[in-house]
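S.K.: Got a structure for you, written out below as C-alpha cells; questions coming shortly.
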Amino acid sequence: GRIGALPDQGSHPGPLSFWALAPIYQLAGGSAWAMEAATVFVALVWIGLALWIGHRRLGRAGITLVATVIAVLIHGFGLSVLTQPWNPYMPLLAWLVVLLATWSVLCDDDWMLLPLLAAASFAAQTHIPYLLMAGALGLLGAGWVLARRRRINKPLIWTFGAFVLLWLAPVTDQLRREPGNLRRLIDHFGDPAETPIGWRAGFRLMLRHLDLVGGYGRLLTGQERFIQSGLDPDGRVWPGCLLLALWLAAFMAAARLGQTTLLRLHTVLAVTMVLTVVSMSRIFGVRWFYLTLWAWVTTTLIIVATVWTFVVLARRVRPGLTDTLTKDRLSWTLASVAILTTVSMVVVAPSTDHPEEYLG
C-alpha cells in the first residue's frame, strides 16, 4: 500500500496476506504464476471455512446455501479479481467468512470466534477499509460470548491468544520505529488532507451497492457485474432503495416469526449496514470502486436473508405451500443455481484476461 505522501508513506495495517501467500508461492516456484496460484489457494481456504460454517449452522442445506452464495460472488466479481494478489481483492472471500462466523457466534457457537478472528485480522491487515468493520464485528462476537456466558471461557481465551499472535507483527513494528506504520495510519486518516464525502454521499454509495438490477440481474448475461456497477458510483439508486425496503420488511417479519437463526443473521447484517455507511462516509478523494467492493458480499447475504424470510413467511401464511417449498426442493434449486453458475465460469475461464500481462 502507498498511504500518505512521499517520503513518509505508510502501508496497510499488517503482513498477514504476505505470510499467507508465501508457502504456496515458494513451493510453486516463486514466479508470477506461483503468486497467482498462491492467491487461489488462499481463496480456497476461505471458501472451505465458509462452507464449514454453513454446515455447522444448517447441515447439508447450509453447505448448499453457502456454495450458491460463493458461486454468485465468483460470477459477480469475475475470475480476474479472485486470482490477483492485490490487497483490495484478496480479502473479499475472507469478508464472507467474517459475516458468517459472526452470525454463527450470535447463534451461540462460541468456537466460531476463532475463524472470525482469523478472517477479520486477514481482511483488516490486508486493506484498511476493512479495519473498522472487521474490528467492530469481532468485538460484537466477543462481547456476545462474554455477556451470555458471564465468564471468560476457553473460546475467549484461545481467541485472545490468537489475537495477540496475529497482531504481534504490526505492534512490534510500531514499537521498534518512530513513526511506526500504525502511527502513520492514525495520522493520515485521523486528519485527512481532503474532506470526507460525508453521511449523505456515504448512504447514497451504500445504495449503489444494493443494486439488485444492475449488480445481480445483469449476471444472467455476463460476469464482473459488481466491478462494472462499482465503476459508476453516481448511477441510479432506486434498485438499492427497493432492496433496502424489502430487506427491512423481511427483518421485521423475521422478528415476528420467531425464527432465531434467521433473525440473528438479519441482526448481523443490520450492524454491518450501519458500519458500511460509516465506512463509506469516511472516504475522501476519488471514490475508487475497489474501496467498497466488499459491500457486494454483504448485499448477497442480504438477498439470501430476505428470500429466506419470505419463504418461511409464505409457508406460515399458506400451509399448503409446505409440501411445495420443502427443504429438499429448495436445496436442489440452490444446488442447480450453484452448478450452472460454476459451469458458466469454467466455460469463460480460458478467455480470462490478466489486466497487467506485461508484468507477469
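The values are calculated or read from the model by the stated rules, or taken from the named source; none is laboratory data. Predicted, not measured: the structure shown is a model, and the values here were computed from it. We place every Cβ from the backbone using ideal geometry, glycine too, and count neighbours over all the protein chains shown. These accessible areas exclude ligands, DNA and RNA; they are computed on the full protein's heavy atoms, side chains included. Shrake-Rupley method; radii C 1.70, N 1.55, O 1.52, S 1.80 Å.
S.K.: From Cα pairs below 8 angstrom and at least 6 apart in sequence, can you work out the relative contact order of the chain, rounded to a whole percent?
M.R.: Result for the chain is 22 percent.
S.K.: How far is helix 60-77 tilted, in degrees, relative to the longest principal axis of the Cα atoms in the chain, given as a value from 0 to 90 rounded to the nearest 10?
M.R.: So the inclination is approximately 50 degrees.
S.K.: A further question on this structure: Helix 295-317 versus the longest principal axis of the chain: what angle, 0 to 90°, nearest 10, using Cα atoms?
M.R.: 20 degrees
S.K.: Then there's this: Accessible area per residue for the chain in Å², computed with a 1.4 Å probe and the full protein assembly in place, what is it?
M.R.: 50 Å²
S.K.: Let me ask you something else. How would region 197-253 be classified by its alpha-carbon gyration tensor: rounded, prolate or oblate, with rounded meaning a/c under 1.5 and the a/b versus b/c comparison settling the rest?
M.R.: oblate
S.K.: So, one more: Of all accessible surface on region 79-187 at a 1.4 Å probe, what whole percent is carbon and sulfur?
M.R.: 69 percent
S.K.: Could I ask something else about it? Does region 207-360 classify as rounded, prolate or oblate by the C-alpha gyration tensor (a ≥ b ≥ c root eigenvalues; a/c under 1.5 gives rounded; else a/b over b/c gives prolate, otherwise oblate)?
M.R.: oblate
S.K.: Assuming 0.36 nm per residue, please report the length gained on full extension of the stretch LEU6 to TYR290 beyond their Cα-Cα distance.
M.R.: Length gained, LEU6 through TYR290: 100.0 nm.
S.K.: Specify whether the C-alpha gyration tensor of region 114-172 places it in the rounded, prolate or oblate class, a ≥ b ≥ c being the square roots of the eigenvalues: rounded for a/c under 1.5, otherwise prolate if a/b is larger than b/c and oblate if not.
M.R.: oblate
S.K.: Could you tell me the calculated FRET efficiency between THR352 and TRP19, based on Cβ-Cβ distance and R0 = 25 angstrom, to the nearest 0.05?
M.R.: Efficiency, from the Cβ-Cβ distance: 0.40.
S.K.: Could I ask something else about it? Quick one: helix 260-281 against the long Cα principal axis of the chain, what's the angle to the nearest 10°, folded into 0 to 90?
M.R.: Result, in degrees: 40.
S.K.: I'd like the accessible area for LEU27, computed on protein heavy atoms only with a 1.4 Å probe and all protein chains in place. Round to 10 Å², please.
M.R.: About 150 Å², rounded to the nearest 10.
S.K.: Can you compute 3J(HN,Hα) from phi for each residue in region 182-197, using the Karplus curve 6.51 cos²θ - 1.76 cosθ + 1.60 with θ = phi - 60°, rounded to whole Hz and x for Gly and Pro?
M.R.: Those phi angles translate into 4, 5, 5, 5, 4, 5, 5, 8, x, 9, x, 5, 10, 6, x, 5 Hz.
S.K.: What whole-number distance in Å separates the alpha-carbon centres of region 207-242 and region 131-160?
M.R.: Result: 34 Å between the Cα centres.
S.K.: In the Gaussian network model of the chain, springs joining C-alpha atoms below 10 Å, which of LEU220, LEU246, LEU293 carries the largest mean-square fluctuation?
M.R.: LEU220
S.K.: What full-extension length gain, to one decimal in nm, is calculated for CYS241 and LEU340 as 0.36 nm per residue of separation minus the Cα-Cα distance?
M.R.: 32.7 nm
S.K.: Whats the longest run of the chain with zero GluC sites (Glu not before Pro) that are DSSP loop and have at most 14 other Cβ atoms within 10 Å?
M.R.: The segment 1-193 is the longest one with no such site.
S.K.: Tell me, in nm to one decimal, what length is gained between VAL277 and LEU156 on full extension, where the rule is 0.36 nm per residue of separation less the Cα-Cα distance?
M.R.: Here the answer is 40.6 nm.
S.K.: Quick check: with the 1.4 Å probe, what order do TYR25, TYR216 take by accessible area, largest first?
M.R.: TYR25, TYR216
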